[in-house]
Each structure stands twice: as C-alpha cells, then as structure tokens.
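Values quoted throughout were computed directly from the atomic coordinates according to the rules given, and no laboratory measurement underlies them. For clarity, every value in this text was computed on a predicted model and none was experimentally measured. Glycine also receives a Cβ, built like all others from the backbone with ideal geometry; neighbour counts cover every protein chain displayed.
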Amino acid sequence: MTHILIVTTSHTRIPGSDDRTGVWFEELATPYYAFIDAGCAVTLASVRGGEIPIDGRSLAETPLPASVQRFHEDEAALEAAHHSKPVDELTVTDYDALFLPGGHGTMWDFPNNPALAAAIVAMLDDGRIVASVCHGPAAFLGVHRIDGSPLIKGRSITCFTDSEEAAVHLDDKVPFLLEATLREAGAQVSVGPDFAPHIMEDGTLLTGQNPKSSEPLAQAVVAALKAKRAQAA
C-alpha cells in the first residue's frame, strides 16, 4: 500500500490580533480524501503534534467544500486530526509522499523549521514526492543543499501570490510576503490568475498556488505515485 504523510502547521493565532489561524481546511481535507479514495494510507502530522488548528476563515466559505463537509462527518479523520503526530518523531522515508497544506499559520512555524527541513531534504534526496499548496511552500525557506545553497534555487514552483495576499487583506499581517521571499531565495515562481487552480511540477517537487489548487495538486501526486509504481514494476 502507498503511504502518504500530511504535515500541517501548529500555529494558532496571528500575532498582534485576535485572529485565529491554522491550516486552511480545504487544503487538508481535499488532498486527504483524494489520497484515501485512491487507496492510499494517510498519516496526519503537525509541527508540534496534537490537535491540528483550523483557520476559522476556511469554515466560513459558502458553501463549504464537499471535502470539508465529509471530514466533519468522518470520525476516523476527526480523531486523527485531534491527535496528530509530531513531525520530528516520524521517519519520513517510511512514506511515499509528503504533503504540506497551507493556511496562514504556516507563515510562522514552517520556515526555518529543522524537522520540516530534514523531512523535505530526506524525501527529495531519496526520489520521493514532496507536494505543497498555497502557504505551504513557506516550509522551503531555510532548507539548503549540501553546498549551502537554497534548496529551491532554480526550482519551478508556485505558491499563494502576493496579489492574493493583498486581496484577502493580510499582506500587512503576515511576517513576510511568500511569493517575493521565495523569489529572493532563487525559486522560479510561476503564478496563475488569482484564486484560480494552478500547479507546478518540477521532478518530484509539486506545488499548488491556492486552496482551489488542492484538488489538481492532490491528483497530480496520485498520478506521480502511480507512474513511480509502474516504473518499479
């Protein structure tokens, strides 16, 4: 069976405000069920372990995405989300793919995170899939190759764009602008229209721009895993 590890933020609040944050629910639930429905085993983890925080804004969408509604009614999924495993206690190469959802919480606890950095490097060095959506690529910041250069230097990726950040009026709340900072680190950032699905594939590094990119990105992961299995057969 194919095993996929999903790692979320553990950060719960935007500093200097009463705004609660966390993972964007669609970016967790949609890939979760794409993988489950493809016959994969999924493990939920987070930066610190324990209950996965959900960004309240992602519960205010009308209508709620079908995957979010399904998650709410799924006792096994809810139990896993309430008792997520700490990423630093896992051996990531036990998994075939690593998926990093976004949500604004990632902007505080994903960058320069030693456990996440080690996980990303271990997976990519072993030819395994790393996928990330929206603000999730913040995890790539502070990750370096053996020669000390940024891991994402020259890599083709996408992420939540600076114009999308401005459109949701959080560009003055986040600690940095993700698109600009990834470009400064040497990434080749491709952007599509605001809030429209857009994904990039660069070898085994797959990324999506925003919440609506969650489904096509998850399906790209499933397709990549299927192709790897076919090559190994």
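Please work out if Ala76 is surrounded by fewer than 16 Cβ atoms within 10 Å (Cβ to Cβ), touching a residue at least 40 places away in the same chain (Cβ under 8 Å) and aliphatic (A, V, I, L, M). If you could, list the steps in order and put the result at the bottom.
Working: surrounded by fewer than 16 Cβ atoms within 10 Å (Cβ to Cβ): yes; touching a residue at least 40 places away in the same chain (Cβ under 8 Å): no; aliphatic (A, V, I, L, M): yes.
When the stated conditions are applied, Ala76 does not pass them.
Scan Thr9, Thr2, Thr93 and give me the residue that is closer than 20 Å to Ala117 by Cα and either touching a Phe, Trp or Tyr at 6+ places or on another chain (Cβ under 9 Å) or acidic (Asp, Glu) (or both). Full working, then the answer.
Details: Thr2 fails: closer than 20 Å to Ala117 by Cα; Thr93 fails: either touching a Phe, Trp or Tyr at 6+ places or on another chain (Cβ under 9 Å) or acidic (Asp, Glu) (or both).
Going through Thr9, Thr2, Thr93 in turn, the sole match is Thr9.
Give me a count of the residues in the range 28-43 that are touching a residue at least 40 places away in the same chain (Cβ under 8 Å) and farther than 24 Å from Leu170 by Cα.
Final tally of qualifying residues: 8.
Which residues, counting only those in the range 167-211, are outside any strand (DSSP E or B), under 16 Å from the mean Cα position of the chain (by Cα) and free of Cβ contacts under 8 Å to residues at least 60 places away in the same chain? Listed by number, the residues that qualify are Glu179, Leu182, Pro197, His198. Between Leu116, Leu141, the distinction of being buried (at least 17 other Cβ atoms within 10 Å of the Cβ) and out of contact with any Asp or Glu (no Cβ under 9 Å at 6 or more places or on another chain) belongs to Leu141 only.
Return yes or no: is Ser132 of a type outside the set (Val, Ile, Thr), under 17 Å from Ser213 (Cα atoms) and surrounded by fewer than 21 Cβ atoms within 10 Å (Cβ to Cβ)? When the stated conditions are applied, Ser132 does not pass them. Any idea which residue in the range 144-181 is surrounded by the fewest Cβ atoms within 10 Å (Cβ to Cβ), counting only those that are more than 16 Å from His104 (Cβ to Cβ) and in contact with a Phe, Trp or Tyr (Cβ under 7 Å, 6 or more places away or on another chain)? Of everything passing the filter in the range 144-181, Leu151 is surrounded by the fewest Cβ atoms within 10 Å (Cβ to Cβ).
Quick one: in the range 182-233, which of the residues that are among the β-branched types (Val, Ile, Thr) and closer than 20 Å to Arg155 by Cβ is surrounded by the most Cβ atoms within 10 Å (Cβ to Cβ)?
Going residue by residue through the range 182-233, those that are among the β-branched types (Val, Ile, Thr) are 189, 191, 199, 204, 207, 221-222.
Those still in the list that are closer than 20 Å to Arg155 by Cβ too: 189, 191, 199, 204, 207, 221.
On the way: Val189: 23, Val191: 17, Ile199: 23, Thr204: 18, Thr207: 31, Val221: 29.
Among residues in the range 182-233 that are among the β-branched types (Val, Ile, Thr) and closer than 20 Å to Arg155 by Cβ, the one surrounded by the most Cβ atoms within 10 Å (Cβ to Cβ) is Thr207.
Checking every residue in the range 11-27 against the condition of being outside any loop (DSSP other than H, G, I, E, B), in contact (Cβ under 8 Å) with a residue 40 or more places away in the chain and under 17 Å from Val222 (Cα atoms) gives at least one match.
Taking the range 1-10 as the region of interest, how many residues are in a loop (DSSP other than H, G, I, E, B) and either surrounded by fewer than 15 Cβ atoms within 10 Å (Cβ to Cβ) or of a type in the set (Lys, Arg) (or both)?
Just the residues of the range 1-10 that are in a loop (DSSP other than H, G, I, E, B), to begin with: 1-2, 9-10.
If we keep only those that are either surrounded by fewer than 15 Cβ atoms within 10 Å (Cβ to Cβ) or of a type in the set (Lys, Arg) (or both) as well, we get 1.
Qualifying residue count, the range 1-10: 1.
Is at least one residue of the range 135-157 without any contact (Cβ under 8 Å) to a residue 12 or more places away in the chain, at positive phi and not polar (S, T, N, Q)? For the range 135-157, residues without any contact (Cβ under 8 Å) to a residue 12 or more places away in the chain, at positive phi and not polar (S, T, N, Q): present. Regarding Ser46, is this residue hydroxyl-bearing (Ser, Thr, Tyr), in contact with a helix residue (DSSP H, G or I) (Cβ under 9 Å, 6 or more places away or on another chain) and closer than 22 Å to Ala139 by Cα? Spelling it out, Ser46 is indeed hydroxyl-bearing (Ser, Thr, Tyr), in contact with a helix residue (DSSP H, G or I) (Cβ under 9 Å, 6 or more places away or on another chain) and closer than 22 Å to Ala139 by Cα.
Selection of the range 47-63 for residues being over 16 Å from Cys134 (Cβ atoms), surrounded by 14 or more Cβ atoms within 10 Å (Cβ to Cβ) and among the polar types (S, T, N, Q) yields an empty set.
Residues in the range 145-165 that are part of a loop (DSSP other than H, G, I, E, B) and of a type in the set (A, V, I, L, M, F, W, C) were compared, and the one that is farthest from Pro197 (Cα to Cα) is Ile146.
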